[in-house]
Amino acid sequence: MKSIQFFALTVLAGLAIAAPMRYARARNAASLQRAAAKPCGTVTVAAASDLTYAMNEIAGNFEKATGCTVRLSMGSSGNFLTQIENGAPFDVFFSADVAYPKKLEAEGLAAPGSTYVYAIGKIVLWTRNDSRVDVGKGFSALRDPAVRKIAIANPAHAPYGRAAEEALRHSGVYEALKGRLVLGENISQAAEFVESGNADAGILALSLVVSPAMKDKGRAWNIPENLYAPIEQGAVAVRAAANPQGARQFLDYIKLDATVALLERYGFALAGKKLARGKP
Amino acid sequence: MNWQAIALSLQLAVCVAGILLAVGLPIAYWVTFSQWRWKFLVEAIVALPLVLPPTVLGYYILVGLGPRHFAGRVWQSWFGHTLPFTFGGLLVASVLYSLPFAVQPISAGFEAVDRRLIEASWTLGASRLATFFRVLLPLSSAGAVTGIVLSFAHTIGEFGVVLMVGGNIPGVTRTVSIDIYDQAQAANYDVANRTALALLLFSFLVLATIYGTNRRALSLWRRP
């Protein structure tokens, strides 16, 4: 017993010593890159998890075009909002909900006037290929008792979750399905729940299900856009950015036609072209 | 404050502590007294959750025991559903995750008992089981209490595994730590703060009570 505790302590002590060293090395590497890269150094980007796949490609293109380095953090918009309000070192923030960048701007934590709606998100009903659920029938397919768990993002703080709940309510099936909902911490986790087969269906971001990682794994039904308020995606330059010039450059890059086309390919509606929205 | 989440966390922690008392005693007994030469392998497995991040356990429960893998399908055919998104799933995950917090103090308590007393009991004709309950356990009760309290407290404070496999269902898998996380994400700092403060005070009270009533108990845990 003593030996195992000694062993555990040794391992822990080793980790405790090694971790800061690794961190220091990483920091060194980053600062070297910053010095070598022209003209804008390292841009640190926080992006909502519906952008997971699109943003990797955009960041890669941006790096090639400018010689800058992009450090990407993917996560839930609500989490990033809280972190930025508390001094997180991000230069640009891509939120799945334009309300968050606007809030940062109102609080004086974002560069004034830098909020930009870069895309409109869409939601789909999705199941795995091996599922018997016929998503083609729309939400009524979910009434089948064989559908035991339906994954959505948490409506309390995730924009895609809010849209999913709204669409279910507008279709009049929310009360019937409420007990079968499981909530992902963000839209990627909701997708993981369905993709791993633990949930039978999910209401996911179109941008995730058209990505190479999920494209061939399941079937999707486009949820009519009149069932939910448009999910306006907003980006903003963080006021306390370590690299304000890089932040501006990256935001400009998002507005280029090529990037807009890429976003469209990943299932986002074009920014600026608001979707026609009728009352259901 | 979300009383439902608090009640759920307490319920989970009580179940975990109960199960770990039942499972932890025989494991600790075996770990302490076995002469098997490969015993250290079992000790390493028991201690694994101290080192592993909760994401590892969460990942294996979600994917390895998911319906796409053999083990998950076997589980499904036995119990009718897979582990994630259920109270049972949280229970399994928490028992595994708190195992060393129960076994190690209990085992340290056993080790501290004078071997001669146990052997005397045997030579006087008491069975191994009777010796266990009437000599060993009473003499090492501090270790058992510590193990149970630590696994209770550790379960109350559990977050990562629950976040990964819980699915955040109110009354089923939305524990108090998840509730605080949700409130913080939704920028409801007041609510988050109240619940967090309540949890902080509760944890302090539990530990203070243990230290106050059972001075030897925690020293067994910290013994090198």
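General observations
- Any hit, the stretch A:135-150, residues being more than 28 Å from A:G172 (Cβ to Cβ) and either part of a helix (DSSP H, G or I) or free of Cβ contacts under 8 Å to residues at least 24 places away in the same chain (or both): no
- Qualifying residue in the stretch A:23-37 (condition: modelled with pLDDT of 90 or more and either outside the structural domain of A:L251 (by TED's automatic domain parsing) or crowded, with 21+ Cβ neighbours inside 10 Å (or both)): no
- Scanning the stretch A:65-83 for residues that are in contact with a strand residue (DSSP E or B) (Cβ under 7 Å, 6 or more places away or on another chain) and away from chain B (no Cβ under 14 Å) returns A:C68, A:T69, A:V70, A:R71, A:L72, A:S73, A:M74.
- Counted as qualifying within the stretch B:1-60 are the helices (runs of 4 or more DSSP H) with 2 or more residues that are away from chain A (no Cβ under 11 Å) and not polar (S, T, N, Q), namely B:3-33, B:54-59.
- Hey, A:A146 of a type in the set (G, A, S) and within 14 Å of A:W126 (Cα to Cα) or not: no
- Annotation: of all residues in the stretch B:179-202 being within 9 Å of another protein chain (Cβ to nearest Cβ) and either within 18 Å of B:G160 (Cα to Cα) or part of a helix (DSSP H, G or I) (or both), the one that is nearest to the chain's Cα centre (by Cα) is B:Y181.
- A count restricted to the stretch B:33-64 and to residues that are closer than 13 Å to B:P100 by Cβ and among the aliphatic types (A, V, I, L, M) stands at 10.
- Residue list for the stretch A:90-110, filter: in contact (Cβ under 8 Å) with a residue 12 or more places away in the chain and of a type in the set (A, V, I, L, M, F, W, C): A:F90, A:V92, A:F93, A:F94, A:A96, A:V98, A:A99, A:L104, A:L109, A:A110
- Test for A:F80: is it modelled with pLDDT under 90 and outside any loop (DSSP other than H, G, I, E, B): yes
- Screening the candidates A:A247, A:A220, A:A235 for the property of being more than 14 Å from every other protein chain (Cβ to nearest Cβ), in a strand (DSSP E or B), surrounded by 22 or more Cβ atoms within 10 Å (Cβ to Cβ) and modelled with pLDDT of 90 or more yields one hit, A:A235.
- Those helices (runs of 4 or more DSSP H) lying entirely in the stretch B:122-175 with at least 3 residues without any contact (Cβ under 8 Å) to a residue 12 or more places away in the chain: B:128-131
- Filter result for B:P84 (in a loop (DSSP other than H, G, I, E, B), within 14 Å of chain A (Cβ to nearest Cβ), touching a helix residue (DSSP H, G or I) at 6+ places or on another chain (Cβ under 8 Å) and surrounded by fewer than 22 Cβ atoms within 10 Å (Cβ to Cβ)): no
The values are calculated or read from the model by the stated rules, or taken from the named source; none is laboratory data. Since we're looking at a predicted model, the values are computed, not measured. Note that each Cβ is placed from the backbone with ideal geometry, even for glycine, and that neighbours are counted across all protein chains shown.
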